[in-house]
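The values are calculated or read from the model by the stated rules, or taken from the named source; none is laboratory data. Source: prediction; values computed, not measured. Cβ sites come from the backbone with ideal geometry, for glycine too, and all protein chains shown count toward neighbours. These accessible areas exclude ligands, DNA and RNA; they are computed on the full protein's heavy atoms, side chains included. Shrake-Rupley method; radii C 1.70, N 1.55, O 1.52, S 1.80 Å.
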Amino acid sequence: MRFLHTSDWHLGRSLHRVSMLAAQEAFLDHLVATARKQRVDAVLVAGDIYDRAVPPLPAVELFDDALHRLAGLGVPTVMISGNHDSPRRLGVGAGLIDRAGIHLRTSPADCGTPVVLADAHGDVAVYGLPYLEPALVRDEFGVAAAGHAAVIGAAMDRVRADLAARPAGTRSVVLAHAFVTGGEPSDSERDITVGGAAAVPAAVFSGVDYAALGHLHGCQRITDRVRYSGSPLAYSFSEAAHRKTTWLVDLGARGEVRAERVDCPVPRPLARLRGPLDTLLADPALARHETSFVEATLTDPSRPDEPLARLAERFPHVLSLLFEPDRPDAAPATYAQRLTGRTDQQIAEDFVTHVRGGLRPDERERAALREALQAARATEV
């Protein structure tokens, strides 16, 4: 059975205030064309369909059009909600459109209920685990611990229990939206650490033939059977070096996995340039970036006059300008740079330490911060 594994469309998202809607439309054209050309048996979409819980109308129309086209091909599509999606909104009408071969899995209660597909070698059970916010679903799964590993582990127990009751030889696929240990993050993913430990071990997906993951925006292989497709477009300059692809996965008669990457269209490449302004304006080696989206980091000892306007004369699509003077007495890194790679909990604790003149929070205070952040995250979800 052949699957096309994709995720993290983030319909409605922009890049530094530049709309990505046309690029997203081009990707969906490519997705439908690939599904047709490669004769796939199903499309798997592992969450973050939209960029926010209440998406703009053009994004909803784009999604609606994609579903109609996939249904028109007769290609079953299984998709789950991610941490950016509103499960209730995305799941509206799921029971009706299920009849058209579009299978939306947005409720934690349905984790153990698969979409059953069949080929010449028998059944393939496809399970959808939507994004599971620990603070909101721990009661559903009856877990005492509040971490992502606990709730996903409990969801996978339901998957394995259902699979064990099926005929011997039934192959299995699971879709999940999570941060799996060993994955390489980028700057454009929303932090999901609040509510418990973020990382989930890959072993939690043992017992299934293939785990189609979403959340991290870089296409990557955790194991042969556990993979991220990544986002089809770059949504931050930290993804400038990413090769954006989907996975074309062939599941053999005994559950063996063969996967290859299918390149997504690149509407405009991203480039991160660094150096003195005059060098960036004159270096002939940078000519290839004149049509790219550009992030420029200037290293001049003092801030040049009108740097953005001057850069735009050569790089009309410059979107971001940073200033890091190359001098011994240079100011500390920017606020954004100091926060890179840090969790909300660490940032909050450092703030308390700063305003108290170096006195770090004790365990009682750290627990209070965790509870406040968890409550805020649960409210947002």
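The magnitude of the dipole of the chain, with charges of +1 and -1 set on the Cβ of Lys/Arg and Asp/Glu and taken from the Cα centre, is near 680 debye.
Translational diffusion coefficient of the range 200-250 at 20 °C, 1.002 mPa s, Stokes-Einstein with Kirkwood Rh over Cα pairs, in µm²/s as a whole number. Roughly 182 µm²/s, to the nearest whole number.
The range 16-62 and the range 104-130 have Cα centres spaced 22 Å apart. Using the alpha carbons alone, the radius of gyration of the range 42-124 stands to its Kirkwood radius in an Rg to Rh ratio of 0.97.
Using Cα-only point scatterers and the Debye equation, what is log10 of I(q)/I(0) for the chain at each q in 0.06, 0.09 Å⁻¹, rounded to two decimals? Evaluating at q = 0.06, 0.09 Å⁻¹ gives log10 I(q)/I(0) of -0.27, -0.58. Placing unit charges on each Cβ (+1 for Lys and Arg, -1 for Asp and Glu) gives the chain a dipole about its Cα centre, and among 33, 137, 232 the Cα reaching farthest toward its positive end belongs to 33.
Altogether, the Stokes-Einstein calculation at 20 °C and 1.002 mPa s, with the Kirkwood radius of the range 184-286 over Cα pairs as Rh, returns a diffusion coefficient of 132 µm²/s.
Might you report the magnitude of the Cβ-based charge dipole of the range 1-95 about its Cα centre, with Lys and Arg at +1 and Asp and Glu at -1, to the nearest 20 debye? Display every interim value, and only then the final one.
Details: 10 positive and 10 negative charges, 29 e Å.
Value, rounded to 20: 140 debye.
Counting Lys and Arg as +1 and Asp and Glu as -1 over every other residue whose Cβ lies under 12 Å from the Cβ of residue 353, the net charge comes to -1.
How charged is the neighbourhood of residue 73? Take every other residue with its Cβ under 14 Å from the Cβ of residue 73, and add Lys/Arg as +1 and Asp/Glu as -1. Net of charged neighbours comes to +2.
Beta bridges from DSSP with both residues in the chain: antiparallel share about 35 percent, rounded to the nearest 5. Using a probe of 1.4 Å on the protein chains alone, the accessible area found for residue 177 is around 10 Å². Helices in the chain, meaning DSSP H runs of at least 4 residues, each add -39500 (n - 2.57). Divided by all residues, the mean residue ellipticity at 222 nm is -9000 deg cm²/dmol.
For residue 314 and residue 365 in one chain, what is 0.36 nm times their gap in residues minus the Cα-Cα distance, to one decimal in nm?
13.2 nm
When the chain is treated as a GNM, springs tying every alpha-carbon pair under 10 Å, which of 49, 347, 152 comes out with the largest mean-square fluctuation? Checking each option, the largest mean-square fluctuation is seen for 347.
With a 1.4 Å probe and all protein chains left in place, how much accessible area per residue does the range 214-253 have, in Å²?
Values: 1060 Å² over 40 residues.
In whole numbers, the range 214-253 has 26 Å² accessible per residue.
Taken along the Cα-to-beta-carbon direction at a fixed 7 Å, the label points for residue 240 and residue 303 span 2.1 nm.
Compute the accessible area per residue over the range 1-110, keeping the other protein chains in place, probe 1.4 Å, unit Å². Don't skip to the answer; put the middle values down first.
Working: 4600 Å² over 110 residues.
So the range 1-110 comes to 42 Å² accessible per residue, rounded to a whole number.
Net charge dipole, the range 164-291: roughly 400 debye, given to the nearest 20, about the Cα centre with Cβ charges of +1 for Lys and Arg and -1 for Asp and Glu.
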